2 protein chains.
Amino acid sequence: MAVYTDVAAEELADFLKAYDIGELLSYKGIAEGVENSNYLLHTTAGSFFLTLYEKRVAVDDLPFFLGLMGHLAMHGIVCPQPVKARSGETLGYLAGRPAAIIDFLEGVWPRKPNVTHCAAAGEALAKLHLAGRDFPMRRANALSVSSWRPLFEQAAPCVDTVQHGLHDFLKAELDYLERRWPDNLPAGIVHADLFPDNVLFLGDRLSGLIDFYFACNDFFSYDVAICLNAWCFEPDHSFNVTKARALLGAYNRERALSGAEQAALPLLARGAALRFLLTRLVDFLNVPAGALVKPKDPLEYVRKLRFQQSVGNIREYGVAASGLLV
Amino acid sequence: MAVYTDVAAEELADFLKAYDIGELLSYKGIAEGVENSNYLLHTTAGSFFLTLYEKRVAVDDLPFFLGLMGHLAMHGIVCPQPVKARSGETLGYLAGRPAAIIDFLEGVWPRKPNVTHCAAAGEALAKLHLAGRDFPMRRANALSVSSWRPLFEQAAPCVDTVQHGLHDFLKAELDYLERRWPDNLPAGIVHADLFPDNVLFLGDRLSGLIDFYFACNDFFSYDVAICLNAWCFEPDHSFNVTKARALLGAYNRERALSGAEQAALPLLARGAALRFLLTRLVDFLNVPAGALVKPKDPLEYVRKLRFQQSVGNIREYGVAASGLLV
């Protein structure tokens, strides 16, 4: 949670003169998002997000993110759409930062996703993959396999203070994944961070996907693997095969996973677990003393990684029983 | 800025079942307020604030604050009104905290208040004083003159690290004010914290007063003195007599300041400056390292106090020229 950049009412009112979204009624800094400063605006035309991009987001990537949100929204994905200024631009400057006005989506994210939520997430992910196919811009995944060793080396000196033996565990996993990581699975635009807090619901109905700031080009099935880890574990760390079956089945009905993708899924899920484990470790080891930001628990992903290491075959996710993927 | 308490969508939806404010559409933690956790809710019935009261707010005071907001709103003051649950109660419990749903007021606070804003603040303050006269509850001002010596003693050991000589300066001022503080000026309900960030505007029109969590019984003219310090200094620390004249004149038209109140105003303004100087000092000296909360600058109030020490007579606030208060 953070608002890094303060915006004065007077300068915001000036900024909004470039847009056709009515008069400013109120704006409140939102205590979420660690990369950007976010404000919820009320204007006479409705509710909007104002995002100021802080230094951790590469300015060069903003046209990709904003363009992708616009593209997906035009192709039937309910996601926040950047609002164009009268000039046609979606990216402006405010308070010394690159800034954008983005549609506000109503909805809340489920803290305890149920099977219906998991199915909805799987279906939405597949639709996103399909909708992104003709998006003309590309962005490499900055957090794919080649980034993991540098992250590991950054955390390595202190990693055993988090859990004894973690250094050697991570090193062995990294060696294993680097040797086996696939290079020829179906690929395209992926969300790369479709955790429950990025999927909004009204009741059990999915009302929108948000936070496209990790979106990039990568394997579709790697995106599925990220969701398996994010949606299908219970608070007690057990893996819920009913949720996995719902998520994979709903995905597969929209976009059929090929045999190669199905075979690779356990390996990809190990990689997905390692990726979030490593970034959480680095964040955890670098949190400033006394900061209000509570870092996410890296050990949650140690447990998920150990589970995924034990999976020999996609059937162990529960899909064989229903036969949805065969 | 802070959201201390996380609220799950599921428990919030449950909580709202006790109210007639429609279905939950979204809620966002607001990065403002250091005493409470605040969420902006959208429901099918409109926008609301959800406030969770953290431990710095005495639970015993909540009926006073909520009752006062309701009373003032019923008496023509535009201020947030607590929403009653179907039971008639305004105070509930959520996520282990006392919690209330409160009307959301549109408006923005001026970072650079102009003369029109100052006049509007003065008028609103007088109307608040009048509207509060028949409010039946009482709350002593926990930050009045008797609290200043304990605050000073808390800060004293480190105060010269903030500014050389500050210890003796504060001690002399405290001795002076304790000896001369009045005890028989007209008194009643005061806001006690009517800074620009607690006065909302739409354009130059005042749209509401907020944050009644320092409200208490004290001298009306002390509340005016707090506003003089909060509204009438320029960013370069100079005192703007045009703004003071506007604020005092507008106040006086709604509620005439007596001769005794006018005579006491420079002394009350010294006290008001010392009160905010002391609490800012204590906050400044106790901010945790690395915290995202940036403490307010105590030295701003050293300069204001020095100015107020130089004022011999209310005419020096610029009001003699217009004759509004004579």
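Could you please find all residues in region A:23-47 being within 9 Å of chain B (Cβ to nearest Cβ), surrounded by fewer than 22 Cβ atoms within 10 Å (Cβ to Cβ) and not in a strand (DSSP E or B)?
Within region A:23-47, A:23, A:32 qualify.
Checking residue A:163 against (1) in contact with a strand residue (DSSP E or B) (Cβ under 6 Å, 6 or more places away or on another chain); (2) more than 30 Å from residue B:28 (Cβ to Cβ): exactly one of these is not met. Which one?
Residue A:163 satisfies all of (1) in contact with a strand residue (DSSP E or B) (Cβ under 6 Å, 6 or more places away or on another chain); (2) more than 30 Å from residue B:28 (Cβ to Cβ) except (1).
Would you mind stating whether residue B:64 is outside any loop (DSSP other than H, G, I, E, B), touching a residue at least 12 places away in the same chain (Cβ under 8 Å), within 13 Å of another protein chain (Cβ to nearest Cβ) and over 27 Å from residue A:113 (Cβ atoms)?
Working: outside any loop (DSSP other than H, G, I, E, B): yes; touching a residue at least 12 places away in the same chain (Cβ under 8 Å): yes; within 13 Å of another protein chain (Cβ to nearest Cβ): no; over 27 Å from residue A:113 (Cβ atoms): yes.
No: the conditions fail for residue B:64.
Just wondering, is there one or more residues in region A:209-225 that are within 14 Å of another protein chain (Cβ to nearest Cβ) and crowded, with 16+ Cβ neighbours inside 10 Å? Can you show your working first?
Step one: of region A:209-225, the residues within 14 Å of another protein chain (Cβ to nearest Cβ) are A:210-211.
Still in the running and crowded, with 16+ Cβ neighbours inside 10 Å: A:210-211.
Yes, some residue in region A:209-225 is within 14 Å of another protein chain (Cβ to nearest Cβ) and crowded, with 16+ Cβ neighbours inside 10 Å.
Which of (1) at pLDDT 95 or above; (2) assigned to a helix (DSSP H, G or I) does residue B:257 not meet, given it meets every other one?
(2)
When you look at residue B:119, is it in contact with a helix residue (DSSP H, G or I) (Cβ under 8 Å, 6 or more places away or on another chain), of a type in the set (A, V, I, L, M), surrounded by 19 or more Cβ atoms within 10 Å (Cβ to Cβ) and over 20 Å from residue B:76 (Cβ atoms), yes or no? Spell out how you get there, then give the answer.
Working: in contact with a helix residue (DSSP H, G or I) (Cβ under 8 Å, 6 or more places away or on another chain): yes; of a type in the set (A, V, I, L, M): yes; surrounded by 19 or more Cβ atoms within 10 Å (Cβ to Cβ): yes; over 20 Å from residue B:76 (Cβ atoms): no.
In short, no.
Would you say residue B:284 is modelled with pLDDT under 95, closer than 16 Å to residue B:152 by Cβ and either assigned to a helix (DSSP H, G or I) or not polar (S, T, N, Q) (or both)? Outline the logic, then answer.
Details: modelled with pLDDT under 95: yes; closer than 16 Å to residue B:152 by Cβ: yes; either assigned to a helix (DSSP H, G or I) or not polar (S, T, N, Q) (or both): yes.
Answer is yes for this residue.
Within region B:183-203, work out how many residues are among the aliphatic types (A, V, I, L, M), more than 14 Å from chain A (Cβ to nearest Cβ) and at negative phi.
Within region B:183-203, the first condition is being among the aliphatic types (A, V, I, L, M), and the residues that meet it are B:185, B:187, B:189-190, B:192, B:194, B:199-200, B:202.
Okay, now just the ones that are also more than 14 Å from chain A (Cβ to nearest Cβ), so B:185, B:187, B:189-190, B:192, B:194.
In the following step, the residues that additionally are at negative phi were identified as B:185, B:187, B:189-190, B:194.
Total meeting the criteria: 5.
Quick one: residue A:74 ticks every box in (1) within 13 Å of chain B (Cβ to nearest Cβ); (2) surrounded by fewer than 22 Cβ atoms within 10 Å (Cβ to Cβ) except a single one, so which number is it?
Checking residue A:74 against (1) within 13 Å of chain B (Cβ to nearest Cβ); (2) surrounded by fewer than 22 Cβ atoms within 10 Å (Cβ to Cβ), the one that fails is (1).
Pull up region B:107-141, narrow it to residues that are more than 12 Å from residue B:206 (Cβ to Cβ) and aliphatic (A, V, I, L, M), then point me to the one that is nearest to the other protein chains (Cβ to nearest Cβ).
Restricting to residues being more than 12 Å from residue B:206 (Cβ to Cβ) and aliphatic (A, V, I, L, M), the top hit is B:115.
Among the residues of region B:171-188, are any out of contact with any Ser or Thr (no Cβ under 7 Å at 6 or more places or on another chain), under 22 Å from residue B:58 (Cβ atoms) and not aromatic (Phe, Trp, Tyr)?
Our first condition is that a residue be out of contact with any Ser or Thr (no Cβ under 7 Å at 6 or more places or on another chain); within region B:171-188, this holds for B:171-184, B:187-188.
Filter once more, keeping what is under 22 Å from residue B:58 (Cβ atoms): B:187-188.
From what is left, the residues that are not aromatic (Phe, Trp, Tyr) are B:187-188.
Checked region B:171-188: at least one residue is out of contact with any Ser or Thr (no Cβ under 7 Å at 6 or more places or on another chain), under 22 Å from residue B:58 (Cβ atoms) and not aromatic (Phe, Trp, Tyr).
Out of everything in region B:180-235 that is of a type in the set (D, E, K, R) and in a helix (DSSP H, G or I), what residue ends up being modelled with the lowest pLDDT?
Start the filter on region B:180-235 by keeping residues that are of a type in the set (D, E, K, R), which leaves B:180, B:183, B:193, B:197, B:204-205, B:211, B:218, B:223, B:234.
Within this subset, residues satisfying the condition of being in a helix (DSSP H, G or I) are B:180, B:197, B:223.
Values: B:180: 97, B:197: 94, B:223: 98.
Looking at the filtered set, the residue picked out is B:197.
From the list B:133, B:138, which one is surrounded by fewer than 14 Cβ atoms within 10 Å (Cβ to Cβ), touching a residue at least 12 places away in the same chain (Cβ under 8 Å) and touching a Gly at 6+ places or on another chain (Cβ under 9 Å)? Write out each step before concluding.
Values: B:138 fails: touching a Gly at 6+ places or on another chain (Cβ under 9 Å).
Checking each option against the conditions leaves just B:133.
The values are calculated or read from the model by the stated rules, or taken from the named source; none is laboratory data. Keep in mind that what you see is a predicted model, and the values were worked out from it rather than measured. Cβ sites come from the backbone with ideal geometry, for glycine too, and all protein chains shown count toward neighbours.
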